[in-house]
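Colleague: First the structure, which I've put down as structure tokens, then a few questions once you've had a look.
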Amino acid sequence: MADHALIIDGQAVTADATFPVIDPSTGEAFADCPDCSQAQLEDAMSAAQTAFRSWAADEDARRKALVACAAALAPKADEIGALLTREQGKPLKDAIGEVHGAAFWLQHTAGLALPVEALHEDDETRIEMRRRPLGVVAAITPWNFPIILSMWKIASGLLAGNSMVLKPSPFTPLSSLAMGRAMQEALPPGVLNVVAGGDELGKWVSEHPAVRKISFTGSVATGKKIAAVAAPDLKRVTLELGGNDPAIVLADADPKKIAEKLFWGAFNNAGQICIAVKRIYAEEKIYQPLVDALAEVARGVVVGSGLEPTTQMGPINNLPQYERVKDLIGSARQDGATFVTGGDVPDRPGYFVDPTLVTGIEDGSRLVDEEQFGPVLPIIPVRSAEDAIERANASHFGLGGSIWTADVDRGVALARDLECGTGWVNQHGALTPFAPFGGRKWSGIGYENGPWGLAAFTELQVLSVAK
Ligand code: NAD
């Protein structure tokens, strides 16, 4: 059987064409991925349509199958994690952790209730409300956390009774294909199909008439295209898009105490996280000590191939993103930035950028206003917390944000004023399967995870019964 295969109707299948998958630590191709043809996508859609009816019918069977899927996935974590590091670049322990995280997420989500709510009952009538599945759901995912972000969709989407077609990013398709394959042993054929290909395939998937909902995670630009394509067919959409998360550090915070946690809130996964800290606003009194403390952490970070056991930060995932990050560094330099650390891109193969801390620029500079999605972080002095909140909210983005302070109550009060889906106090980026996740403004539409994420894969149905 081929090393890498599409998953269609429960079968691992090859394709006539392939495309190369690049190892970002070398910039060289290391594998060929099957490129799903339009005819194969038709097969996947019709398999999903056929599988839907019986999958939707038996909630208990679904729960059992999903628990079995989680059990099938966990032992494959080392294998799938190694593939994820090769194609994504992240440190191997993080990649393996991502697969275990996905299994845990699935296990947790499989236990969520799909309650039948009694709305009214008397001698003559009974009115109840149920949550019904939508049909075939398309899941389209990005390259930064391909496994866990796919699982957010798969776990809730399948538990709700939908069948699915997953299309991962062309930069990181192999780990998702391997995950899909590992789950097949516990699923009826056609319930979860995984197809790989370029952006064009994403377009075919989103336009397909069989699809009743598109659950998308990726860039704002693509999210808007998907919303436009969904509109004529009134397909439901959940859009999890980009962010430009602010971290606001108040004068009473202890720079030495918070530096490590704040640093990794920005630089984990080489900054390629939708909810990474992407700009820091620090009150003037603490500004310089904070910059110094962050610089000390940055200088100690081991950057390298994710396969090296000592590596703490891997490369940027792909060439276009690497070019974009370099472009933003250049634009900050033109705006008069000071590079406290980094600033010169290392002369080595692969898409490496050292942790880069930038001062001397502020709002209005592209590096502050845009989503960099890489290991480059601007730190901006502010007069007051209120000044910082105003700057934080003056953005199209509204995904996450954090307040760092010794006064937790004040931190909570300020976090409430942030126009974002998740506000943190003295941490940034922590997520759990039992809280909803989503963005405001251009950061998204709808929610994933917990009962809210599950509900998003259903439609309400009222059953009104005359006795
Ligand atoms: P992207 O939008 O370029 O691609 C995401 C997926 O969409 C890929 O599978 C791609 O092939 C597909 N695609 C591209 N064009 C399409 C089209 N016209 N129709 C249908 N599908 C299409 O995003 P990316 O570069 O892979 O990911 C990075 C972005 O994702 C960042 O902006 C980041 O903030 C965001 N992101 C958001 C979240 C969140 O939960 N809010 C999580 C992770 C990443």
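Colleague: Could you please state how large a percent of the accessible area of region 253-353 is carbon and sulfur, counting protein chains only and using a 1.4 Å probe?
Modeller: Carbon and sulfur together cover 49 percent of it.
Colleague: Would you mind computing Rg(Cα) / (2.2 N^0.38 Å) for region 58-116, counting N as its residues?
Modeller: That ratio works out to 1.33.
Colleague: Mean separation of Cα pairs under 8 Å and 6+ residues apart, divided by the residue count of the chain: what relative contact order is that in percent?
Modeller: The normalised contact order for the chain reaches 19 percent.
Colleague: Then there is this: Return the inverse of the average 1/r over all pairs of distinct C-alpha atoms in region 311-358, which is the Kirkwood hydrodynamic radius, in Å to one decimal.
Modeller: Numbers: mean 1/r = 0.0889 Å⁻¹.
The Cα-based Kirkwood calculation yields 11.2 Å.
Colleague: Counting only protein chains, not ligands or nucleic acids, how are 7, 96, 445 ordered by accessible area (probe 1.4 Å), most first?
Modeller: 445, 96, 7
Colleague: Which angle between 0 and 90 degrees, to the nearest 10, do you get for helix 319-334 versus the longest principal axis of the chain when only C-alpha atoms count?
Modeller: The answer is roughly 30 degrees.
Colleague: If you don't mind, another one. Toward the positive end of the charge dipole of the chain, about the Cα centre and with charges on Cβ (Lys, Arg +1; Asp, Glu -1), which of 100, 137, 376 goes farthest?
Modeller: Of the options given, the answer is 137.
Colleague: Using amide H atoms built in the peptide plane, which far-off residues or other-chain residues are under 5 Å from residue 15 H to H?
Modeller: When sequence neighbours closer than 5 places are left aside, the close amide H contacts are 35.
Colleague: Computed on alpha carbon atoms, what radius of gyration and Dmax characterise region 245-425, expressed in Å?
Modeller: Every Cα atom of region 245-425 included, Rg and Dmax give 15.5, 48 Å.
Colleague: Report relative contact order for region 1-88 in percent, whole number only (criteria: Cα-Cα under 8 Å, sequence separation at least 6). Kindly include the intermediate steps, with their values, before the conclusion.
Modeller: Details: 71 pairs, mean separation 22.6, N = 88.
Rounded, it is 26 percent for region 1-88.
Colleague: Also, quick follow-up: Extending each Cα 7 Å along its Cβ direction at residue 413 and residue 68, get the distance between those two points in nm, one decimal.
Modeller: So the two model labels end up 5.5 nm from each other.
Colleague: Which loop-located trypsin sites (Lys or Arg not before Pro) does region 324-390 contain, where loop means any DSSP state but H, G, I, E or B and the Cβ has at most 11 other Cβ atoms within 10 Å?
Modeller: 383
Colleague: Using DSSP to call loops (not H, G, I, E or B), can you name the GluC sites (Glu not before Pro) in region 84-171 whose Cβ has at most 16 other Cβ atoms within 10 angstrom?
Modeller: 124
Colleague: Over all distinct Cα pairs, what is the inverse of the mean 1/r for region 251-314, reported as the Kirkwood hydrodynamic radius in Å? Provide the component values of the computation, followed by the final result.
Modeller: Details: mean 1/r = 0.0792 Å⁻¹.
Across region 251-314, the inverse of the average 1/r is 12.6 Å.
Colleague: Further question: Relative contact order of region 179-249: what whole-number percent is it, with Cα pairs under 8 angstrom and at least 6 residues apart?
Modeller: In percent, rounded to a whole number, it is 27.
Colleague: Shifting gears a bit: What does the accessible area per residue of the chain come to in Å², with a 1.4 Å probe and no ligands, DNA or RNA counted? Provide the component values of the computation, followed by the final result.
Modeller: Details: 18690 Å² over 467 residues.
That works out to 40 Å² for each residue.
Colleague: On to the next question. Which percent of the accessible area of region 356-457 is formed by carbon and sulfur heavy atoms (probe 1.4 angstrom)? Show your work: numbers first, answer last.
Modeller: On the way: 2150 of 4000 Å².
Answer for region 356-457 is 54 percent, counting heavy atoms of protein chains only.
Colleague: Quick one: go through region 139-178 and flag any residue whose amide nitrogen is under 16 Å from the point 7 Å out along the Cα-to-Cβ line of residue 116.
Modeller: none
Colleague: Taking the Cα atoms only, what angle lies between the long axis of helix 77-88 and the longest principal axis of the chain, rounded to 10 degrees?
Modeller: Between helix and principal axis, roughly 60 degrees.
Colleague: Per the 1.4 Å probe, what fraction of the accessible area of region 7-97, in percent, lies on carbon and sulfur atoms?
Modeller: On the way: 2080 of 4190 Å².
Carbon plus sulfur share of accessible area: 50 percent.
Colleague: With a 1.4 Å probe and all protein chains kept in place, how do 25, 176 rank by accessible area, largest first? Intermediate results must be reported in sequence, preceding the final value.
Modeller: Numbers: 25 20, 176 0 Å².
Listed by decreasing accessible area, they come as 25, 176.
Colleague: Mind checking region 207-299 for GluC sites (Glu not before Pro) that DSSP puts in a loop (not H, G, I, E or B) and that have at most 13 other Cβ atoms within 10 Å?
Modeller: Qualifying residues, ordered by number: none.
Colleague: Placing unit charges on C-beta atoms (Lys and Arg positive, Asp and Glu negative, everything else neutral), compute the dipole magnitude of region 324-451 about its Cα centre in debye, rounded to 20.
Modeller: Values: 11 positive and 18 negative charges, 45 e Å.
That gives region 324-451 a dipole magnitude of about 220 debye.
Colleague: Then there is this: Taking the Cα centre of the chain as origin and charging only Cβ (+1 Lys, Arg; -1 Asp, Glu), how large is the dipole, in debye to the nearest 20?
Modeller: Computed charge dipole of the chain: roughly 520 debye.
Colleague: Now for a different question. Compute the semi-axes of the equivalent ellipsoid of region 126-206, taking the square root of 5 times each eigenvalue of the Cα gyration tensor, and list them largest first in whole Å.
Modeller: 25, 14, 11
Colleague: Please get the size of the charge dipole for region 245-425, origin at its Cα centre, with Cβ charges of +1 on Lys and Arg and -1 on Asp and Glu, quoted in debye to the nearest 20.
Modeller: 340
Colleague: 222 nm [θ] for the chain, helices only, -39500 (n - 2.57) per DSSP H run of 4+, per residue, to 500?
Modeller: Values: 15 runs with 185 residues, N = 467.
One gets -12500 deg cm²/dmol as the mean residue ellipticity at 222 nm.
Colleague: Where does the chain land on the Kirkwood hydrodynamic radius, alpha-carbon pairs, in angstrom?
Modeller: 23.0
Colleague: Among 257/278; 326/441; 64/235; 153/278; 261/285; 257/441, which pairs are too far apart, with a Cα-Cα distance over 22 Å?
Modeller: Going by Cα-Cα distance, 326/441; 64/235; 153/278; 257/441 fall outside the 22 Å limit.
Colleague: Which listed residue (297, 72, 346) has the Cα farthest towards the positive end of the charge dipole for the chain, taking +1 on Lys and Arg C-beta and -1 on Asp and Glu C-beta about the Cα centre?
Modeller: Of the candidates, 72 comes out farthest on the positive side.
Colleague: Roughly how tilted is helix 38-57, in degrees to the nearest 10 and between 0 and 90, from the longest Cα axis of the chain?
Modeller: 70
Colleague: With no solvent and one equal point scatterer placed on each C-alpha of region 9-102, evaluate the Debye formula and give log10 I(q)/I(0) for q = 0.22 Å⁻¹, two decimals.
Modeller: -1.10
The values are calculated or read from the model by the stated rules, or taken from the named source; none is laboratory data. Predicted model, so just to flag it, every value in this text is computed and none were measured. Methodologically, a virtual Cβ is constructed for each residue, glycine included, from the backbone with ideal geometry; neighbour enumeration extends over all protein chains shown. Accessible surface is based on the protein model in full, side chains and every heavy atom, while ligands, DNA and RNA are left aside. Shrake-Rupley method; radii C 1.70, N 1.55, O 1.52, S 1.80 Å.
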